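In what follows, a structure is listed as structure tokens, so that the remarks can point back to it.
The values are calculated or read from the model by the stated rules, or taken from the named source; none is laboratory data. Note that the structure is a prediction, hence the values are computed from the model and not measured. Positions of Cβ are generated from backbone atoms using ideal geometry, with glycine treated the same way; all protein chains shown enter the neighbour counts. Note: areas computed on protein heavy atoms with side chains; ligands, DNA, RNA excluded. Shrake-Rupley method; radii C 1.70, N 1.55, O 1.52, S 1.80 Å.
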Amino acid sequence: MSEFSFASLTPDTILDALDSVGVYAESGLLALNSYENRVYQFAAEDKRRYVVKFYRPERWSDAQILEEHQFSDELAAADVPVVAPITLKGNTLFTHQGYRFTLFPSVGGLQFEMDNLDQLEQLGRLIGRMHKVAQAKPFELRPEFSCDEYLHQARVHLQQSNLVSDAMSLPFYTVLDQVIDKTGKMYTGVDSIRLHGDCHAGNILWSADNTLTFVDLDDSRQGPAMQDLWMMLSGDRHNQLMQLDTLVCGYEEFADFDHSQLPLIEPLRAMRMVHYMGWIAKRWRDPAFERNFSWFAQDKYWEQQTLALKEQLAALDESPLKLMP
């Protein structure tokens with residue numbers, strides 16, 4: 001593919017792609033919530049429900065995608081609940097008309113409840129089990145969380161997009177550069193393991209039999225173990241301490257928790273904030289982004305982000321959360 005968009009991924013192309021691997025859809029294609037890739041749920045002639053994911057062109061190499069699949073298979077083999085890709089004729093990655101795609105079983109469930117401490121402790125156990133497997137070896141091809149990608153490259157994408165108006169440019173980039181500078185100084189010398197990488201409530205399912213399941217390892221990469229934990233923290237400092245303590249209690253049943261990574265919580269939060277803005281700016285040429293993120297080009301959004309970055313800059317100066325070892 002010469003472009004990173006999905007301009008030519010029509011319903012007929014999707015159905016033809018499925019036919020090419022011997023899977024025949026009997027229902028319509030239900031688009032699932034995904035902007036980076038294109039993901040559809042359908043029922044096949046075998047009366048089972050499946051999910052097909054078409055990878056965004058020019059993002060990952062074939063080898064990097066297969067390394068993600070291998071990680072999913074390792075987790076599944078260790079009985080870590082994860083939605084792993086389906087193997088057909090010895091393969092998990094397929095190509096049709098330039099688009100790469102993978103099939104998954106469709107797994108039902110409710111979204112994880114972040115304010116439910118019982119679920120939070122169970123999630124801590126699940127992440128601990130995942131990290132126990134992840135520590136066995138590193139990724140060789142997938143990238144690592146880095147200030148260059150999540151801060152500096154993101155800033156370049158924002159600058160090149162010209163979406164920040166002249167009126168907001170000075171206040172926004174002034175505080176952005178302060179956040180980038182301080183975060184870069186705090187995020188150094190980090191021990192890394194293989195990660196889920198995007199471990200938030202939307203990628204965790206709570207099923208009827210009271211079990212949690214990981215979905216969508218598309219962002220898996222090397223990084224600090226804390227990356228898979230901090231997004232479960234919300235509210236004021238007291239609430240975050242209670243949530244973190246609950247997570248860690250479950251986590252330590254299966255893996256050692258590195259208390260030295262506690263100071264990474266706010267730098268990782270800052271990196272996600274900046275990267276998110278850079279990600280939208282980078283994808284702005286995709287019509288789906290301009291249609292679904294129309295507020296991204298409005299001054300009101302950049303006023304809000306300027307304020308959010310100021311608050312994050314203050315959070316970076318606060319003493320990190322601490323737990324009893």
- Exactly which GluC sites (Glu not before Pro) in the stretch 10-102 are in a DSSP loop and have at most 12 other Cβ atoms within 10 Å? 26, 45, 58
- Query: To the nearest 10 Å², what's residue 65's accessible area with a 1.4 Å probe?
  - Reply: 0
- Item | Distance (nanometres) between label positions extended 7 Å along Cα→Cβ at residue 153 and residue 113 | 3.9
- Note on the structure: Dimensionless Rg/Rh of the stretch 95-195, both radii on Cα and Rh by Kirkwood, sits at 1.08
- Query: When the accessible area of the stretch 223-322 is split by element with a 1.4 Å probe, what percent falls to carbon and sulfur?
  - Reply: 51
- Message: I'd like the distance between the alpha-carbon centres of the stretch 30-87 and the stretch 140-161, rounded to an integer number of Å.
- Response: 24
- Query: For the stretch 17-106, which whole percent of the accessible surface, found with a 1.4 angstrom probe, sits on carbon and sulfur atoms?
  - Reply: 48
- Overall Cα dimensions of the chain - principal axes, largest extent first, Å: 57, 51, 34
- Note the full-extension length gain between residue 294 and residue 181 as 0.36 nm times their separation in residues minus their Cα-Cα distance, in nm to one decimal. 37.8 nm
- Task: Could you look at the stretch 122-193 and say what percent of its accessible area is carbon and sulfur, using a 1.4 Å probe and all protein chains?
- Result: 48
- Note on the structure: The Cα extents of the stretch 180-286 along the principal axes, largest first and rounded to whole Å, are 43, 33, 28
- Message: What percentages make up the Cα-Cα pair-distance distribution of the stretch 1-151 when the bins are 10 Å wide from 0?
- Response: 9, 32, 36, 20, 3
- Query: Computed on alpha carbon atoms, what radius of gyration and Dmax characterise the stretch 149-237, expressed in Å?
  - Reply: 17.3, 54
- Note on the structure: Between residue 41 and residue 140, the two model label points (7 Å from Cα along the beta-carbon direction) sit apart by a distance in nm of 3.7
- Total charge dipole magnitude, the chain, about the Cα centre, Cβ charges on Lys, Arg, Asp, Glu only, Debye to nearest 20: 420
- Item | Extension reserve of the residue 324-residue 21 stretch, reckoned as 0.36 nm per residue once the Cα distance is removed | 103.8 nm
- Query: Under a point spin-label approximation (7 Å from Cα along Cα-to-Cβ), what is the residue 201-residue 33 distance to one decimal in nm?
  - Reply: 1.0
- Note on the structure: The ³J(HN,Hα) series, computed from each phi in the stretch 222-230 with the Karplus coefficients 6.51, -1.76 and 1.60 at θ = phi - 60°, rounded to the nearest Hz and given as x for glycine or proline, is 6, x, x, 3, 4, 4, 7, 10, 5
- Cα-based count: Lys pairs in the chain below 28 Å, eight or more positions apart or different chains? 19
